[in-house]
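Everything on this sheet refers to the single structure shown next.
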Amino acid sequence: MEFLEIVFDFKTEYLDELLFHEFKLKPDHIKSSHFYDTDKEIDVEFHEITSFSNFFAKQGTGTIVVKEICLGMIMEEVFILFSFDGESGTIDINFPESELIEGKIFNKEKGLQLMEYFSSFMKRYELKSVRFGYEPATDDDTCLIELKEGMTQIKDLVNRL
């Protein structure tokens, strides 16, 4: 099974808004998580962190496996990787390609829902771009679509896939 990835740079100050209000994550949505607290030099889990904006105000990484999340469409077994350096960082969202590809056929309706969600998401969080593709979507040869500021022809991009 192959995995698709969504990658974007994100400001640390918006992390709590993203996780708790946008993604609506709660401890019972989390299958597993791992964060390392560099101050206390211990491993911590999602439910032990009260503010991710404060937690990642210093350099660090963390992972969450979510049972289910809505990103314009319901997705199951989603892996989220956080890598922050204080003011900003990168968020990678990985999920099985079966969420968008059924029997080697790309589900354009689900793809459009996902792209439209992230297009509005970009405006709310001042993102310059969001890359979608096979791991690693940061590489040009595995990136399928890159949403950028001001893009309006999302349906045309999805229809090309």
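The values are calculated or read from the model by the stated rules, or taken from the named source; none is laboratory data. Note that the structure is a prediction, hence the values are computed from the model and not measured. All accessible areas refer to the heavy atoms of the entire protein, side chains included, with ligands and DNA or RNA removed. Shrake-Rupley method; radii C 1.70, N 1.55, O 1.52, S 1.80 Å.
Structural remarks
- Scanning region 47-76 for residues that are open to solvent by less than 20 Å² (accessible area, probe 1.4 Å), at pLDDT below 95 and not aliphatic (A, V, I, L, M) yields a single hit, GLY60.
- Inside region 21-37, residues that are over 25 Å from LEU4 (Cα atoms) and either open to solvent by 60 Å² or more (accessible area, probe 1.4 Å) or at pLDDT 95 or above (or both) make up a count of 1.
- If you go through region 1-20 and keep only what is open to solvent by 90 Å² or more (accessible area, probe 1.4 Å) and modelled with pLDDT under 95, you end up with MET1, GLU2.
- Taken over region 77-87, the criterion of being open to solvent by less than 50 Å² (accessible area, probe 1.4 Å) and at pLDDT 95 or above is satisfied by VAL78, ILE80, PHE82, PHE84.
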